[in-house]
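S.K.: Before we start, here is the structure in question, set down as structure tokens.
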Amino acid sequence: MPTLNWIGKENVINHHNEIEYNVLACKENFGEKNSGNLLVKGDNLLALKALLPYYANQIKMIYIDPPYNTGNTSWVYNDAVDSHIIKKWLHATVDKEDLSRTDKWLCMMYPRLKLLHKFLKEDGVIFISIDEAEINTLKLIMDEIFGSQNYATTLFWQSRTSKQNDTDISTNGEYILAYAKNRRLKDRRLKETNISSWFNDESFVFYPDEVDIKRYSNPDNDPRGPWKADPFDAPNIRENLTYEIVNPITKVKYLPPEGRCWRTEESSYDKLYEDERIIFGADGLGKPQLKVFYEEKKIFGEVPTTWLPGNDYGTTTSASKELKNIFGKKVFDYPKPVELIKHLLHLATKDGDIVLDSFAGSGSTAQAVLEQNQKDGFNRKFILIEMEEYAEEITANRIKKVIKGYEFTGTQKTELFKKKLGMAQILKPNIMEKLSIDIENTITEQTPNFDKISKSFKENTVTLIGQNNIKKFKKGIGGGFQYCELSEPLFDEYGLLNEKISHSTLAKHLYFTEFGQALNIQITNENYLGTINNVSLYLFSKEDFKKNNFNQIIKNNNQQSIVYADRTTISEYELSKHNITFKQLPFSIKDK
């Protein structure tokens with residue numbers, strides 16, 4: 001497998017392990033309490049490390065929209081890596097004139113991707129928006145971190161529908177690279193034969209699209225409901241699937257087209273025919289077709305495609321308009337459309353799943369989660385991270401407005417004039433002159449009544465539309481979230497445990513550093529934290545580990561135990577005899 005080398009790579013490969021753990025300070029709880037939704041303001045590398053003890057192996061879907069590194073928009077390198085080369089990059093703006101911008105971009109992305117990999121569940125997936133500037137380098141480092149066998153697909157999103165006229169060819173799309181934690185290698189298509197096991201396999205597979213009922217109809221009032229006619233032939237040549245089918249009306253005999261066969265054996269065809277599932281065209285005079293019923297197909301869905309047209313999933317322009325509606329003015333450049341992220345949610349998540357976005361930007365992912373939950377009745381959770389100052393002003397406020405509702409300026413259109421012209425009328429100057437006068441008079445007369453009047457000529461029809469801007473209220477979706485910021489590190493400047501660290505926070509940290517998994521239960525003052533692989537973990541953060549504690553452990557547990565405490569009165573011999581490992585606070589705590 002090819003690998004990629006760049007300036008600074010050897011210094012950032014393990015940089016994610018060198019980041020110290022910080023604590024989150026939650027400032028505000030908006031809307032529903034205990035919603036499970038979270039917005040964190042802070043450097044996303046530090047924030048990811050802070051969240052890891054809580055969400056390792058818990059995230060079903062990650063979506064990120066990192067800097068594209070095109071040079072058209074600048075970004076700043078901020079990672080304090082212990083390297084004399086990289087230290088020169090600190091706080092430097094990376095723009096088009098920077099010849100080492102790809103090296104800096106890779107040094108920025110690599111440790112973040114390493115951490116993000118740790119968050120994913122076994123059947124989790126990460127989607128990364130990117131354009132042609134760095135897609136090839138991104139794929140190489142994703143192969144290195146996630147494994148080339150876990151490459152899922154590359155989606156192509158039509159980010160604009162209009163053409164660029166300032167170049168020799170118009171670039172109208174961007175890529176979304178998808179990698180799984182553990183990609184399903186076989187049995188990916190949901191079918192009748194695998195429906196019992198398909199949803200329970202702990203490997204990633206794309207969920208099918210919903211079946212489009214618009215493609216189904218019921219012209220013969222079949223009691224089984226809407227249906228569509230599919231070809232009865234299939235690829236390949238198989239002797240047992242090659243036989244004559246006779247049209248019952250015309251008596252014409254049909255064989256499969258060249259290089260193909262029928263879909264079923266002859267005995268199965270006979271059963272389908274008896275069940276009135278075989279038709280011969282709309283008039284009954286054609287070749288055989290299979291009636292496929294909507295009610296039978298909808299549970300299996302349709303295979304999604306990698307092409308995401310802007311008319312279905314939004315464009316950069318439509319996303320900007322939506323955001324402008326929410327705030328009443330332009331507040332953000334190049335937001336991602338909510339419909340695009342909702343489609344990713346549909347492809348990769350189900351009820352109760354957690355979605356992480358560590359380059360949150362304007363907060364499109366949060367809105368997408370809330371709206372998709374409203375649509376399908378699910379209860380997904382979101383975690384957003386944003387380091388810029390607009391995290392509170394834009395990202396948080398957007399989520400609040402979506403939850404609570406907001407006023408926006410809508411449009412009310414009125415048709416003022418409409419006249420269809422024949423070709424003979426168009427060719428007569430006197431008629432066209434009179435038409436022009438009528439149009440101008442209408443515009444003059446109606447201008448005081450409208451904010452804007454637009455004129456169009458389509459299909460030989462002249463139309464005038466008056467438009468008024470009106471105040472509307474968009475009803476809120478409901479829900480809630482916590483707004484948090486990065487706070488103190490786990491240890492103070494003297495290497496001692498920070499006094500502000502709670503028992504619960506320390507418990508989650510120790511559980512993760514010992515077991516590599518998140519502690520899912522709420523801990524208040526309990527000493528026992530849990531058991532994994534026959535190893536039990538205890539924390540005595542407010543008392544010494546004494547004889548009564550020791551007796552309780554050996555009474556209830558004959559397995560291996562790990563005990564964290566300031567001091568213990570139990571001898572090393574007794575601890576060893578009962579398979580107890582004592583670790584002294586704070587010196588035994590891993591802070592990175």
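S.K.: Would you confirm whether any residue within the range 399-416 is loosely packed, with under 12 Cβ neighbours inside 10 Å, acidic (Asp, Glu) and at pLDDT below 95?
M.R.: Yes, the range 399-416 has at least one match.
S.K.: A further question on this structure: Just checking, does the range 162-169 include any residue being loosely packed, with under 12 Cβ neighbours inside 10 Å, among the hydroxyl-bearing types (Ser, Thr, Tyr) and assigned to a loop (DSSP other than H, G, I, E, B)?
M.R.: yes
S.K.: Also, quick follow-up: Which of (1) part of a strand (DSSP E or B); (2) closer than 30 Å to GLU28 by Cα; (3) at pLDDT 90 or above; (4) not acidic (Asp, Glu) does GLY478 not meet, given it meets every other one?
M.R.: Looking at each condition in turn, GLY478 falls short on (1).
S.K.: Tell me, which strands (runs of 3 or more DSSP E) wholly within the range 481-586 include 2 or more residues that are closer than 20 Å to ASN57 by Cα?
M.R.: 528-532, 535-540
S.K.: Residues in the range 18-34 that are closer than 21 Å to LEU519 by Cβ and in contact with a Phe, Trp or Tyr (Cβ under 6 Å, 6 or more places away or on another chain): how many?
M.R.: Counting residues in the range 18-34 that are closer than 21 Å to LEU519 by Cβ and in contact with a Phe, Trp or Tyr (Cβ under 6 Å, 6 or more places away or on another chain) gives 0.
S.K.: In the range 181-213, what count of residues is obtained for those that are assigned to a loop (DSSP other than H, G, I, E, B), touching a strand residue (DSSP E or B) at 6+ places or on another chain (Cβ under 7 Å) and surrounded by 14 or more Cβ atoms within 10 Å (Cβ to Cβ)?
M.R.: So the answer is 6.
S.K.: Which ones in the range 230-269 are surrounded by 16 or more Cβ atoms within 10 Å (Cβ to Cβ) and either of a type in the set (D, E, K, R) or assigned to a strand (DSSP E or B) (or both)?
M.R.: Selection gives ASP233, ILE245, TYR254, ARG260, CYS261, TRP262, ARG263.
S.K.: Starting from residues that are closer than 21 Å to LEU290 by Cβ and of a type in the set (A, V, I, L, M, F, W, C), keep the ones in the range 188-233 and report whichever is farthest from the chain's Cα centre (by Cα).
M.R.: PHE232
Residue-wise test of (1) at pLDDT below 95; (2) closer than 17 Å to PRO235 by Cβ; (3) of a type in the set (A, V, I, L, M).
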position	(1), (2), (3)
LEU255	no, yes, yes
CYS261	no, yes, no
SER267	no, no, no
LEU272	no, no, yes
LEU285	no, no, yes
PRO288	no, yes, no
LYS297	yes, no, no
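S.K.: Something else about it: Out of the residues in the range 78-132 meeting the condition of being of a type in the set (D, E, K, R) and touching a Phe, Trp or Tyr at 6+ places or on another chain (Cβ under 7 Å), tell me which one is surrounded by the fewest Cβ atoms within 10 Å (Cβ to Cβ).
M.R.: ASP131
S.K.: Do you know which of the residues in the range 1-44 that are basic (Lys, Arg) and assigned to a strand (DSSP E or B) is farthest from ASP353 (Cα to Cα)?
M.R.: Among residues in the range 1-44 that are basic (Lys, Arg) and assigned to a strand (DSSP E or B), the one farthest from ASP353 (Cα to Cα) is LYS27.
Condition check ((1) exposed (fewer than 10 other Cβ atoms within 10 Å of the Cβ); (2) closer than 30 Å to GLY410 by Cα) across all residues:
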position	(1), (2)
LEU427	no, no
ASN430	yes, no
GLU445	no, yes
PRO448	yes, yes
VAL462	no, yes
LYS471	yes, yes
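S.K.: A follow-up question, please. Looking for something modelled with pLDDT under 90, outside any strand (DSSP E or B) and not charged (D, E, K, R) - is there at least one such residue anywhere in the range 456-467?
M.R.: Yes, some residue in the range 456-467 is modelled with pLDDT under 90, outside any strand (DSSP E or B) and not charged (D, E, K, R).
S.K.: Within the group ALA152, ALA178, which residue is without any contact (Cβ under 8 Å) to a residue 60 or more places away in the chain, out of contact with any helix residue (DSSP H, G or I) (no Cβ under 8 Å at 6 or more places or on another chain) and crowded, with 22+ Cβ neighbours inside 10 Å?
M.R.: The match here is ALA178.
The values are calculated or read from the model by the stated rules, or taken from the named source; none is laboratory data. Since we're looking at a predicted model, the values are computed, not measured. Note that we place each Cβ from the backbone using ideal geometry, even for glycine, and neighbour counts take in every protein chain shown.
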